[in-house]
Each structure stands twice: as C-alpha cells, then as structure tokens.
Amino acid sequence: MVAGIINNSKPKMGTISETVQRARDAFNRGVTRPVEWRRQQLENLLRLYKENRQGMIEVLRQDLRRSKMEAALLEVDFLINDLINTLHNLDKWIKPEKPSKGLVNILDEVVIYNDPYGVTLVIGAWNYPLQLLLLPMSGAIAAGNAVIVKPSEMAPACAKFIAEMLPKYLDNDAILVVEGGPEETTELLKQKFDYIFYTGSTSVGKIIYEAATKNLTPVTLELGGKSPVYIDNSADVEVTTKRVLWGKFINVGQTCIAPDYILCTKEVQDKFVQMAKKVLKEWYGEDPQKSPDLSRIINGRHFSRLQTLVDASKDKVAIGGSYDPKDKFIEPTILANVTPSDKIMADEIFGPILPIVPVANAYEAIQFINEREKPLVLYVFAKEMDVVNSLIENTSSGGMCINETVMHLAVETLPFGGVGSSGIGAYHGKASFDTFTHKKSCLIKNFSSIGEKLASGRYPPYSDAKLSYI
Ligand code: NAD
C-alpha cells in the first residue's frame, strides 16, 4: 500500500476501461483515503481556480458568451466558496459518528464510519459546464474516492480547459478526465463504478439509471423539468419582477432552476408585464442583442428548438419575440395568457422565454402544479404567509425558494436536488460529502468476561427461562 503518495505525472490515457482500472488501482492501493491526500487535492483545486479565474471566465465566454459577472458569480467564485467551506469542515465531516446506544450495548462501541464508495463517475452538463462537473468532483474527493469526470462535449472550450488543467493540479492516478459525448459515456457506463453522479436531462438520466442497475451502482441524478413560479396578489410587484427576471435571464434561461413559467391572476399578470417592460429596458437597453450581459444559446439544435417555440407562440408575445439565428440570440420574451395546452407548456423551456398562465388563486395553482411532474424547484412570491405555507404543505418539489429565485442554490447548508422526474439525491456543502460517503455501521465488542456473561443468554440450549431473561 502506498497510501498518500501523489502522482502528478501526465496520465497515459488508454482505453476507457484502462482509465477506470487506473482509478480502481489507485483506490485499492489506498491512495485516496488519507485525509492528507484529500486536503492536498482540494487545496490544489483551489489553487487551480484562483490561478485560472480569468481563463475560466474566458472559456465560459467562448462556449456561452457568458458575461464576466455571471461567469464569476455563478461558476468560478461559487466553486471557490464551496471549496473553502469544504476545507474548513473536512476534519469534522470525516470524523466517525458515535450514535447513542441502548443498555444492551453499554459496554460496547457503536460507530458509524464515513467510508468512501470507491471509484466514482461524475457526468456534467453544458449549461454550467465548470460548476456542474467540478462541484460534485470535489465532494467525491473530500469523501476519499477516486473520480472519473466526463465534461459535456457541448461546451467544448470548457471541456478542453478541464482536460488540460486537472492533470496539471491533481493526482493523475486517482482523478481522471474522459472527454467525449454519448458514445464515450455509453462506453463508460459499461464499466463498473461504485457511485455515479449525473447532471443533465431527465431522458438521459433514465439511460444512466438503467445502466447503473446492472451493477447495483448507487446514483445521484440531478435532472431538470418545468420549475413553476406562483405569484400571489399579495406580492411586491417590483421586487418580484426583478427577482423572477434575473433568475430567468441569467445564462438566457439555460439554467436547470430557471423559472420555467408563471402562475398568477390576470391582474398580477398585467402588473408583472408592465413592470417587466421597464426592468428589461433598464437592464438590457433598447436593443438587447447589443447588451454584453445576455448569453447566447449553446448551439444550433437548441436554437431551432427555441425558435420553433417562439414561432408557435406569436399571438401570446407580450414582450420581446425576436431572434437572430446567425448570432444564436433570442430576445428575452414574455408570453401572456398562455393556456396549459400551448406548445410552450409541453417541455422544459431551457431558454429566454417566460410564459404566464393565468389562474384564479393559490388553490388553482397548487392543483396545476400537482397535476404535473414534480419540479426541481417551486418558487412562491407572497407576503401572505398562509399562502406560502399552503404551497409548502400541499406540493412536492426538489426544493422551494420563497420571494426569491436561484439563490437557494448558494446556501451551502441546503442540500440541492430534485424529486421524482427532477432527480434523485442531493449535494452542495456537507450534502456533497455525504452523497459520496457510505455510512458504514460498526458494532465493536471486546472479550471481557462480564460482557460475555451478559451476552451468553442467547446461546443454546434455548429455554423459556432464558427467553424471559432476554
Ligand atoms: P444531456 O442529458 O443531453 O447531457 C448530459 C450529459 O450526458 C453529457 O455529458 C452528455 O455527453 C451525456 N449524454 C447525452 N446523451 C447521452 C446518451 N444517449 N447516453 C449517454 N450519455 C449521454 O443534458 P444537457 O442537455 O447537457 O443538460 C440540459 C438538462 O440538464 C436540462 O433538462 C436541465 O434542466 C438539466 N440540468 C439539471 C441540473 C441540476 O442540477 N438538476 C443542472 C443543469 C442542467
């Protein structure tokens, strides 16, 4: 065993099965278990982020034309803050837990060890191509696992950055990058992993889940879906509008927790649209295509999908509605008086189009939400706490965020994940460590004669007297 020895030589990447075997060998040699190794890798990763902050912002610009502010806030600095928190708490999280014990075990030790799973696979999505891959990766490292990461091929500049940078900073036997798309992922999924962490669409999530069942591999699936916003009559219109629009138009709606559609009364709809006109003009100017703050759609396929949605909704456009295929630009667009059967309500939008579906009241909104798949997040805007509580108590979603959008993600003590078709499992902060940790229960007895005497009542020959004694 060469526990704790770190190899920073350039990896000789062989076939995918050889890559997985290399990680397995490192795990089996005990490389990843010592806290010193974990801490050193996480510190190296922090150094990578700090030394390459500008480079990370640049590759996000190349793939998504992401503004510097959004790149820093939603990816680079988010990763830095998460790592600082992990490094600060690592010793505490690793410690074995000592649960309470009953009289029967008064002389024994009862312990829960935080055991790494082994070789883990992290598959990332393109919309936040750095954060969605590197955040779970650092959770896997903190928990003492070997990791193979597969960045999304749809954000090629970010994928290249990851493939070039990780080997320069991290242990090349235990933390490995596999680049590629569905073909490589399919090949990866034929290998045996001890944990699979996937972020992406619900349809591919089902493929991952099915592949994982072959080896009974536990999974976290961070998926998507339509996340609704209910705006109550009691909400502050100006603050609500700003918070909803910000959550929707960061990364031009290509965010898993972007507000997908709004439910509100017609009265609130009118006020929201009026306020949105004012706010969007203030934020993005007369010609939003010239704004440096709006990202672009990731590729031609997604652009055509969104263009079709805008074209199918022409009669519902209250704000925006223009697009430019050459620039993969879609104007921030708000649709009013949308009905449940409209095309825009069929699937997750994942772009800068925000439909408003009028409802009579909170009760009708709850019914609407419960008739559909469980969302990743449910947003509620209301001053009336009775309204807020009735949505909390009567709906199911991965999480909820009240009078705000997206920012629940940044609360490091809140586990982030979906439920039902929006996902399985959760991560962020300690939840990332726990996700990649097997809770290994252990009862430790000794050979003391008094202990043996107390326990001997269970040995044959059995008798009614012994039964009453036990
Ligand atoms: P995707 O499912 O198309 O791709 C994700 C990953 O799966 C990529 O690495 C890709 O190479 C791989 N992949 C694609 N097709 C595959 C196949 N047939 N077999 C095996 N692997 C395959 O997802 P996406 O388009 O990158 O992301 C968009 C979706 O992800 C949206 O639904 C969004 O809501 C969701 N999402 C969820 C979260 C979350 O945290 N819950 C975060 C971001 C995105």
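The values are calculated or read from the model by the stated rules, or taken from the named source; none is laboratory data. Treat the numbers as computed from the prediction; the structure is a model and nothing was measured. Because the Cβ atoms are built from the backbone with ideal geometry, glycine has one as well, and the counts that use them run over all protein chains shown. Keep in mind that these areas ignore ligands, DNA and RNA; they rest on the heavy atoms of the full protein, side chains included. Shrake-Rupley method; radii C 1.70, N 1.55, O 1.52, S 1.80 Å.
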* Loop trypsin sites (Lys or Arg not before Pro), the stretch 209-293 (other Cβ atoms within 10 Å of the site Cβ: 16 or fewer; DSSP) -> LYS214
* Go ahead and run the numbers for FRET between ASN361 and ALA312, Cβ-Cβ distance against an R0 of 30 Å, rounding to 0.05. => 0.60
* **Spin-label pair VAL239/LYS466, simplified geometry with 7 Å Cα→Cβ offset, distance in nm** => 6.9
* Asked: Expressed as a whole percentage, what fraction of the accessible surface of the chain belongs to carbon and sulfur atoms when a 1.4 Å probe is rolled over the protein heavy atoms?
  -> 55
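Would you kindly state how much longer the chain becomes between GLU393 and LEU73 on full extension, computed as 0.36 nm times their sequence separation minus their alpha carbon distance, in nm to one decimal?
Numbers: separation 320, 0.36 × 320 = 115.20 nm, distance 3.21 nm.
That works out to 112.0 nm of additional length.
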* Asked: Given N residues in the stretch 125-185, what is Rg(Cα) / (2.2 N^0.38 Å)?
  -> 1.04
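Using the crude model of +1 on Lys and Arg Cβ and -1 on Asp and Glu Cβ, and no other charge, please compute the dipole size for the chain relative to its Cα centre, in debye to 20. Don't skip to the end; give the middle numbers.
On the way: 54 positive and 56 negative charges, 217 e Å.
In debye, rounded to 20, the chain gives about 1040.
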* To do: Find how much the distance from TYR209 to GLN62 grows on full extension, using 0.36 nm per residue of separation minus their present alpha carbon separation; answer in nm with one decimal.
  => 49.7 nm
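Using a Förster radius of 41 Å, what is the FRET efficiency between HIS88 and ASP347 based on their Cβ-Cβ separation? Nearest 0.05, please.
On the way: r = 41 Å, r/R0 = 0.99.
Efficiency, from the Cβ-Cβ distance: 0.50.
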* Would you give the gap between the C-alpha center of the stretch 110-142 and the C-alpha center of the stretch 283-328, rounded to a whole Å? => 35
* To do: Hand me the GluC sites (Glu not before Pro) from the stretch 379-464 located in a DSSP loop with no more than 13 other Cβ atoms within 10 Å, in residue order please.
  => GLU384
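Decide, for the chain, between rounded, prolate and oblate: order the square roots of the alpha carbon gyration tensor eigenvalues as a ≥ b ≥ c, take rounded if a/c falls under 1.5, and otherwise choose prolate if a/b is larger than b/c, else oblate. Don't skip to the end; give the middle numbers.
Working: a/c = 2.38, a/b = 1.49, b/c = 1.59.
Oblate shape, in that a/c is at least 1.5 and b/c is the bigger or equal ratio.
Given LYS277/LYS383; LYS374/LYS430; LYS95/LYS374; LYS278/LYS314; LYS92/LYS226, which pairs have Cα atoms separated by over 31 Å?
Values: LYS277/LYS383 23 Å; LYS374/LYS430 25 Å; LYS95/LYS374 35 Å; LYS278/LYS314 21 Å; LYS92/LYS226 37 Å.
As for pairs spanning more than 31 Å Cα to Cα, those are LYS95/LYS374; LYS92/LYS226.
Sort the stretch 349-422 into rounded, prolate or oblate with this rule: let a ≥ b ≥ c be the square roots of the eigenvalues of the Cα gyration tensor; rounded if a/c is under 1.5, and if a/c is not under 1.5, prolate when a/b is larger than b/c, oblate otherwise. Don't skip to the end; give the middle numbers.
On the way: a/c = 1.41, a/b = 1.20, b/c = 1.17.
Verdict is rounded for the stretch 349-422.
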* Proximal aspartates and glutamates relative to LYS168, as straight alpha-carbon distance under 15 Å, when same-chain residues fewer than 8 apart are discounted -> GLU43, GLU51
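Only Lys, Arg, Asp and Glu count, each charged at its Cβ (+1, +1, -1, -1), so figure out the dipole size of the stretch 61-128 about its Cα centre, rounded to 20 debye. Don't skip to the answer; put the middle values down first.
On the way: 8 positive and 10 negative charges, 49 e Å.
About 240 debye.
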* To do: Tell me the GluC sites (Glu not before Pro) within the stretch 166-196 that lie in a loop according to DSSP and have at most 16 other beta-carbon atoms within 10 Å.
  => GLU179
* **Solvent exposure of the chain as accessible area per residue, Å², 1.4 Å probe** => 45
* **Amide H partners (placed H, <5 Å) of GLY399, local residues excluded** => VAL377, LEU378
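Dipole magnitude of the stretch 10-73 about its Cα centre, charges +1 at Lys/Arg Cβ and -1 at Asp/Glu Cβ only, in debye to the nearest 20? Walk me through the numbers on the way to the answer.
On the way: 15 positive and 8 negative charges, 13 e Å.
Here the size comes out at about 60 debye.
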* Structure fact -> Quick calc: nm separation of the 7 Å Cα→Cβ label points for SER441 and ASP293 -> 5.3
* Global geometry of the stretch 198-306, whether rounded, prolate or oblate, following the gyration tensor of its Cα atoms and the 1.5 cut on a/c -> oblate
* To do: On a 0 to 90° scale, report how tilted helix 77-94 is relative to the longest principal axis of the chain, with both axes built from alpha carbons and the result rounded to the nearest 10.
  => 20
